[in-house]
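Here, each number is a calculation from the coordinates, and none is a lab measurement. None of these values were measured; they are calculated from a predicted model. Cβ coordinates were reconstructed from backbone atoms using ideal geometry, including for glycine residues, and neighbour counts include every protein chain displayed.
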Amino acid sequence: MISIEQYADLCALMADTAGDVTQENAIAAAHGVSADQWQQAKTYYTAKMSDPNDMGRTAMAFMPLYSAAQARARGGKEPCTLEYYTKVHAEMSFLKDPTGNKLNHHLVLAQNGTHHQAWLECENYWTPIVGAPTILGQPNPKFDPAQSQKFAALMQQESDRIHGIRR
């Protein structure tokens, strides 16, 4: 069984495979993990993270490892700009279909030239930065007040654009 650290690294490297087993196996093999080992790890860690009896422990251990692996894979750069993040975030929040229902987020992502996995990377990057200064009563070390204010202003602009409001 591969470690959770190695699993996180491989998951980050496989972000653009869209679940293509052949591509996943090739990436795993390039990093010394057989197809059988990869499938075993994927099955095991997915089950652990979905198991209510695990109480989120495996997921909580995985997420910071996965975020760090994503950052390494991007060379430490942002996965998307704050402007792009805000535009997509606003469209996911406010765009409606002709019957007045919220648009499916996959459609919004496709209209913005991206997919679910890439969006999650943007969201995981920006949310702690622009979200809140505390998380569950603990200081949020990634929170950036200036970026949070910029996000709020951009969000207002995007909301106005979507709703046809001119200020």
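Amide H contacts under 5 Å for I135: N140, restricted to partners 5 or more places along the chain or on a different chain, H placed in the peptide plane at 1.01 Å from N. For segment 67-116, the list of trypsin sites (Lys or Arg not before Pro) that fall in a loop by DSSP and count at most 15 other C-beta atoms within 10 angstrom reads R74, K77.
Within segment 1-91, the proportion of C-alpha pairs whose separation exceeds 23 Å stands at 32%. Each of A8, L65, T22 was scored by the projection of its Cα onto the charge dipole of segment 4-73, and the greatest displacement toward the positive side belongs to L65; charges sit on the C-beta of Lys, Arg, Asp and Glu.
Springs join every pair of Cα atoms under 10 Å in this Gaussian network model of the chain, and among L13, L136, L107 the largest mean-square fluctuation is at L136.
By the beta carbon rule, with partners counted only under 4.7 Å, the chain holds these lone Cys residues: C11.
Equivalent-ellipsoid semi-axes for the chain (Cα gyration tensor, √(5λ), whole Å, largest first): 33, 20, 15. If you put +1 on each Lys and Arg Cβ and -1 on each Asp and Glu Cβ, how big is the dipole of segment 4-73 around its Cα centre, in Debye rounded to 20? In total the dipole reaches around 160 debye. With 29 Å as the limit, the listed pairs K42/K77; K48/K96; K42/K96 have K48/K96; K42/K96 beyond it between alpha carbons.
In summary, the aspartates and glutamates within cross-link reach of K87, defined as a Cα separation below 18 angstrom excluding same-chain residues under 8 places away, comprise E78, D97, E121, E123, E158, D160.
Between A118, H31, G164, whose Cα lies farthest towards the positive end of the dipole of the chain when Lys and Arg beta carbons carry +1 and Asp and Glu beta carbons carry -1, centred on the Cα centre? Working it through, the farthest residue towards the positive pole turns out to be G164. Overall, the chain carries a charge dipole of about 560 debye about its Cα centre when +1 sits on the Cβ of Lys and Arg and -1 on the Cβ of Asp and Glu, all other atoms neutral. Taking all C-alpha pairs of segment 82-163, those more than 19 Å from each other amount to 43 percent.
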